[in-house]
Amino acid sequence: MDWRTKLLDPAPLARQDYTSLATPVYRGSTVVFDDQAAVTDDWRQHENGYSYGLYGTPTALELASRIAAIEGAHQTLVVPGGQAAIALIYLAYCKAGSHALVPHSAYGPNKAMAEGLMRGLDVEVEPYDPLIGDDISDLIRENTALIWCESPGSVTMDIQDVPAIVAAAHAKGVAVALDNTYSAGVLFDAFAHGVDVSMQALTKYVGGHSDLLLGTVSARDAAALDRLGPIYQQLGLAVSPDDCSLALRGLQTLAVRLDALERNTLEVAHWLARQPLVDEVYHPALPDCPGHNIWARDFSGSSSVFSFTFNDSVSSDQVINFINALKVFRIGMSWGGVHSLAVVYPKLERPNQDFAGRIVRLNIGLEVPSDLMADLEQAMSGLAP
Ligand SMILES: *Cc1c(COP(=O)(O)O)cnc(C)c1O
């Protein structure tokens, strides 16, 4: 063969029996088949063999299988981010004319998708009180196709009675999806509590270092997977094997990071609860948190994100000054990494609740808690009237 042809021969020349502790990064779009009869375009690669890199190379399938094993799922699909996971679930369960329910306290972009994309597709997504429990039954209609849960909710940290919502939903044949990002898929056992589909942003705790974007959608059983798979294929939700490799590395330290983050976060949250300018601390393990008792019943721990409110002696402008005065905490939205973050929500509103720009969300990282508390203290001292 000409040397130019030799350049293109895909057959490996080196020994292939390398065994290590790291999952190889398999790149590839085209899959090469043994013969014409074997050619397929099938998203069910776990069962039927590899068909196309779009549905994951072995690196992505390794990550999917590990998440499924940890969450106790039937099977997991890896997608480009948490928001892509939310889109996949909506589009798999809802069609024109469907009704869906989403808690008021859901992740903002989930509600934006409800009001935007889903409304445009003639799907009505109705917000509900996250603390509704089994009264959700009254909101279920003939055409209700999906109930979302997110527990704790974003920013206000409301803990939902997921088992009660699942029981009411299943009694009327409605599927329940859970955004389980706060729990990293482990602190709350979604499938033991009856959820049909559980998603998480791996961007947060599994990635764990603020350097990748990925999400997962985990199916309770074959029926849930059969709904999700074809839509996953049609949307073309490809992921990078490099990002999957980073997420696989993140999984190796997930347990120790979650333990350390929980300890650091509890220390800062308890300290904040004692500060004279602080009104309430919305941390699942603290009694101010809406649904705290349900957290104590259903969760095996807490993680690193929580909120607090200043009392009404502090103006909304002063809260912004407080954020800007922080030195160790960085100002940022995403969370679950090793750095502490703070952000104020100047316009956050919930039905019957206006926080008047006094609600601050923190993500606690792996810095030493005494340095974090000193930073909060110096920023608060600037607020003294
Ligand atoms: C961050 C987040 C998402 C979205 O994840 P991305 O990977 O940023 O798209 C979804 N749900 C919750 C609760 C989140 O905090």
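The values are calculated or read from the model by the stated rules, or taken from the named source; none is laboratory data. Please read these numbers as outputs of a predicted model, since none were measured by experiment. Reconstructed Cβ throughout: ideal geometry from the backbone, glycine too, with neighbour counts over all protein chains shown.
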Here is a list: 106, 112, 85. Which entry is within 23 Å of residue 233 (Cα to Cα), assigned by TED's automatic domain parsing to the domain that holds residue 185 and not charged (D, E, K, R)? 85
Might you check whether a residue that is within 22 Å of residue 285 (Cβ to Cβ), in a loop (DSSP other than H, G, I, E, B) and under 28 Å from the mean Cα position of the chain (by Cα) occurs anywhere in region 367-384? yes
Does residue 232 satisfy the condition of being of a type in the set (Phe, Trp, Tyr) and part of a helix (DSSP H, G or I)? yes
How about region 177-199: which of its residues are farther than 16 Å from residue 74 by Cβ and within 13 Å of the ligand (Cβ to nearest atom)? 179, 181, 182, 183, 184, 188
Pairs please, first residue from region 215-226 and farther than 8 Å from residue 76 by Cα and in contact (Cβ under 8 Å) with a residue 40 or more places away in the chain, second anywhere and among the polar types (S, T, N, Q) and assigned to a loop (DSSP other than H, G, I, E, B), Cβ atoms under 9 Å, 6+ apart in sequence or on different chains. 215/181; 215/203
Among the numbered criteria (1) basic (Lys, Arg); (2) outside any loop (DSSP other than H, G, I, E, B); (3) touching a residue at least 40 places away in the same chain (Cβ under 8 Å), which single criterion is violated by residue 4? (3)
Please go through region 188-233 and pick out each residue that is of a type in the set (S, T, N, Q) and either in the same structural domain as residue 299 (by TED's automatic domain parsing) or surrounded by 24 or more Cβ atoms within 10 Å (Cβ to Cβ) (or both). 198, 200, 203, 216, 218
Pairs, please: C-beta under 8 Å, at least 6 apart or cross-chain, first residue touching a residue at least 24 places away in the same chain (Cβ under 8 Å) and closer than 9 Å to residue 102 by Cα and in region 120-138, second surrounded by fewer than 17 Cβ atoms within 10 Å (Cβ to Cβ) and of a type in the set (Lys, Arg)? 125/119
I want to confirm something. Restricting to region 140-166 and keeping residues that are surrounded by 23 or more Cβ atoms within 10 Å (Cβ to Cβ) and acidic (Asp, Glu), which single residue is farthest from residue 111 (Cα to Cα)? 161
I'm checking my understanding of the structure. Among residues of region 77-116 that are buried (at least 23 other Cβ atoms within 10 Å of the Cβ), among the hydroxyl-bearing types (Ser, Thr, Tyr) and within 15 Å of the ligand (Cβ to nearest atom), which one is farthest from residue 153 (Cα to Cα)? 90
